[in-house]
Amino acid sequence: MQIKYSAAPAETLEADALIVVAPDETPFEGPGAAIVNQLRESGEFNGKALDTALWHRPEGFAARRLLVVGAGKPDEFTSAVMRRAVAVGIRKLKGKGVRRVALALVGKTTGDLFAAAGVEGALLGDFEPDQLKTDDEKGKKSIEVLTVTGGSEAAVERGRILGESQNFTRAIVNEPPNVLTPLALAARSQEMAKETGLECEVL
């Protein structure tokens, strides 16, 4: 997944879907506020943690869909909840074949801590432990690009590093011992260290 940072307004981001994380409170203030509040009134969205609602062709947005993910009670909203919320959103959109996603950080989700957590959650949600499957690659679905608006570029980069590092470890854990032998693990570690500019000593 390619991670991009943008300072442009959420409404102008071109994507297959835009994710907005909304806490369990009314009225909601942020991109798509009228849509979010309308979903609340209809009962399709209640704002509880990890609750989701998808709106097609939102008026005034360049994105083709608006996905609202619940953040739960405002006083219980943390970066960990943000990480899970974005991961849930990515999984839902991924199942629908969405390729380009934008994430809008607004209101209580604004800030570097939540920006990093959002990117980390997106990468973790997109991970598939299927590298050993022999199925046709054409049928696989994955998010190709995530554009983040809100927070800082440094925070977005930090989230990318944390998310990719965890996925790297998860991929190693899923390897069988006859494939990832001690020598192969050492070689994989050396390759990773070389790519990131780290020193690696194998004993």
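The values are calculated or read from the model by the stated rules, or taken from the named source; none is laboratory data. Predicted model, so just to flag it, every value in this text is computed and none were measured. A quick note on method: Cβ atoms are made from the backbone with ideal geometry, for glycine too, and the neighbour counts reach across all protein chains shown. In case anyone asks, the SASA skips ligands and DNA or RNA and just uses the protein heavy atoms, side chains included. Shrake-Rupley method; radii C 1.70, N 1.55, O 1.52, S 1.80 Å.
Numbers at a glance
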item: Nearest-ten-degree value, helix 79-94 long axis tilted from longest Cα axis of the chain; result: 90
item: DSSP bridge orientation in the chain - percent antiparallel, rounded to nearest 5; result: 20
item: (1) 1.03; (2) 1.07; (3) 0.92, with the label sought being that of the calculated Rg/Rh (Cα atoms, Kirkwood Rh); result: (1)
item: Within the chain: Cβ-based charge dipole about Cα centre, in debye rounded to nearest 20 (Lys, Arg +1; Asp, Glu -1); result: 480
item: Selection from Ala87, Ala7, Val21 lying farthest towards where the dipole of the stretch 1-100 points positive, charges on Cβ; result: Ala87
item: Gyration tensor (alpha-carbon) shape descriptor, the stretch 108-203, a/c threshold 1.5; result: oblate
item: List Glu128, Glu153, ordered by accessible area with a 1.4 Å probe, largest first; result: Glu153, Glu128
item: Helical contribution to [θ] at 222 nm, DSSP H n ≥ 4, -39,500 (n - 2.57), averaged over the chain, rounded to 500; result: -12500 deg cm²/dmol
item: Area of Phe127 that stays accessible when all protein chains are in place (1.4 Å probe, Å², to 10); result: 30
item: C-alpha long axis of helix 33-42 to longest principal axis of the chain, angle in °; result: 80
item: Net lengthening on full extension, Ala34/Ala154 (0.36 nm per residue, minus Cα-Cα); result: 40.1 nm
item: 5 angstrom amide H check on Thr52, placed H, neighbours 5+ away; result: Gly70
item: Distant-in-sequence amide H partners of Ile19 (H built 1.01 Å from N, under 5 Å); result: Leu67, Ala102, Leu103, Ala104
item: Of Gly125, Gly30, Gly95, the one that fluctuates the most in a GNM where the chain has Cα springs shorter than 10 Å; result: Gly95
item: Rounded to 10°, Cα long-axis angle of helix 182-196 versus longest principal axis of the chain; result: 50
